[in-house]
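Below is one structure, written out as structure tokens; the observations come after it.
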Amino acid sequence: MEIKKPAAAGTLESSDCQVTVEAGSGGIEFSLDSAVINQYGNQIRKVAFDTLKNLGVNNVRLTIVDKGALDCTIRARIEAAVYRSVGQTENLPWGGAIRS
Amino acid sequence: MNPNKKRLRRTMMFLNAQKPGLIKDPYIYKPDSIMLDLEDAVAENQKDAARFSLYHALRSIDYRGCERVVRINGLDTPYWQEDIRCAVAGGCDAVRIPKTESAKDVKTVENAVVQAEKDFRREEGSVLIMAAIESARGVMRALDICESSERLFGIALSGGDYTKDLQTHITGTGVELMGARQNMVIAARAAGVQCFDTVYTDLDDMEGFRQDVETIHLMGFDGKSIINPRQIDIVHEIFTPSQKDIIFAEKVVREIDDKKAKGIGVFTVDGKMIDIAFYDGAKRTIELAKASGVYKGDL
């Protein structure tokens with residue numbers, strides 16, 4: 001899946017995260033801002049990369065501002081941003097590329 | 001029949017599916033059902049994001065026995081079909097149709113649910129349906145709606161939109177809802193499905209809320225839609241049989257069984273005249289007590 005245009009999803013409310021995706025320059029560039037980066041930074045990164053892998057996205061600049069989001073929220077916000085970037089809102093691959 | 005069709009549904013708590021802070025742990029308040037909302041609570045430009053949030057919440061969060069109902073967007077919007085695909089794929093227990101006005105509306109949703117069950121390898125019939133009635137036309141067609149599908153477990157009144165359609169408004173007295181409530185609960189009982197009342201939105205008036213719940217309980221409703229965990233205990237208290245009611249119901253059932261065998265049709269229990277007409281009501285009290293987890297007897 002190719003990032004077509006910059007897109008964002010999520011909020012800065014507690015238990016949420018704000019995700020931004022932009023076209024990369026030949027790989028995955030990952031940026032994370034979180035109050036719990038020392039405790040959960042590696043886990044958030046793992047979830048983010050796993051989600052991108054499921055979606056088949058390998059050329060992206062991914063930015064996450066985390067406000068204590070659960071893994072399921074991080075996945076949801078990344079997917080929402082990626083599908084916004086390609087403009088797809090119907091016939092989504094639930095249980096396929098979109099999976100827990 | 002899906003065994004969950006008749007389950008206990010005293011409280012249905014509305015939660016915005018787009019808000020992770022709301023949907024991550026509502027089970028701690030122990031509502032009987034949660035209503036994950038893709039419709040009115042979600043802004044038009046967040047409909048897509050809400051679905052991803054809903055899907056992963058359904059897949060990942062253990063709601064510990066709370067029934068998970070998803071309110072889809074209306075059939076007059078471009079969203080409802082993908083809402084159903086997402087909800088069914090995520091594993092929801094039921095879909096709530098907003099603004100239902102006819103049996104055809106229910107059949108339309110049922111067809112999409114059947115297809116989604118196939119597409120996402122859910123067991124056929126595993127996803128139930130409920131219909132929200134929000135207009136005068138819907139109220140007038142309540143019986144048709146109740147009898148439209150084997151999957152339909154109940155109907156719910158949505159008071160805000162209904163009173164707008166009736167050209168009145170919510171007063172807090174319930175007078176503006178009387179006709180709809182009466183018509184809907186009679187239709188639901190005639191069809192053998194459940195009936196749920198509208199939300200009470202004034203969270204500062206808990207006494208008014210209690211009176212509202214007592215009224216709909218007496219009218220025969222099965223439960224109430226709620227918007228805040230503070231409302232749960234009051235509804236459960238009013239909708240759960242008291243120990244006094246349970247003990248009396250046990251006596252009625254035992255005495256009717258005993259007297260029937262002896263050929264006696266009319267007799268007294270605790271000074272009240274009892275006959276076979278009391279049997280089903282007493283059995284229902286015991287079943288409700290069992291479902292509410294307060295029955296300790298052996299009937």
**Item:** Selection within the stretch B:239-286 - closer than 30 Å to residue B:211 by Cβ, surrounded by fewer than 17 Cβ atoms within 10 Å (Cβ to Cβ) and among the β-branched types (Val, Ile, Thr)
**Value:** B:247
**Fill in**
The residue that is surrounded by the most Cβ atoms within 10 Å (Cβ to Cβ), considering only those in the stretch A:13-43 that are under 21 Å from residue A:56 (Cα atoms) and among the acidic types (Asp, Glu), is A:22
**Fill in**
Within the stretch A:67-91, of all residues that are more than 7 Å from every other protein chain (Cβ to nearest Cβ) and of a type in the set (A, V, I, L, M, F, W, C), the one farthest from residue B:82 (Cα to Cα) is A:74
**Item:** Breaking point among (1) at the interface with chain B (Cβ under 10 Å from one of its Cβ atoms); (2) acidic (Asp, Glu); (3) touching a strand residue (DSSP E or B) at 6+ places or on another chain (Cβ under 9 Å), for residue A:13
**Value:** (3)
**Asked** If you scan the stretch B:3-18, which residues turn out to be farther than 19 Å from residue B:197 by Cβ and touching a helix residue (DSSP H, G or I) at 6+ places or on another chain (Cβ under 8 Å)?
**Response** B:16, B:17, B:18
**Request:** Kindly indicate whether any position in the stretch B:208-224 is charged (D, E, K, R), more than 20 Å from residue B:7 (Cβ to Cβ) and surrounded by fewer than 17 Cβ atoms within 10 Å (Cβ to Cβ).
**Result:** yes
**Request:** State yes or no: is residue B:95 assigned by TED's automatic domain parsing to the domain that holds residue B:201, within 16 Å of residue B:195 (Cβ to Cβ) and not charged (D, E, K, R)?
**Result:** no
**Prompt:** How many residues, within the stretch B:46-78, are among the polar types (S, T, N, Q), within 11 Å of chain A (Cβ to nearest Cβ) and under 29 Å from residue B:102 (Cα atoms)?
**Reply:** 1
**Item:** Hey, residue B:111 of a type in the set (S, T, N, Q), more than 19 Å from the chain's Cα centre (by Cα) and either at pLDDT 95 or above or outside the structural domain of residue B:188 (by TED's automatic domain parsing) (or both) or not
**Value:** yes
**Item:** Given (1) touching a residue at least 12 places away in the same chain (Cβ under 8 Å); (2) farther than 23 Å from residue B:156 by Cβ; (3) among the basic types (Lys, Arg), number of the condition residue B:210 does not satisfy
**Value:** (2)
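The values are calculated or read from the model by the stated rules, or taken from the named source; none is laboratory data. Just so you know, these numbers come straight off a predicted model, no measurement behind them. All Cβ positions, glycine included, derive from the backbone under ideal geometry; neighbour counts span all protein chains shown.
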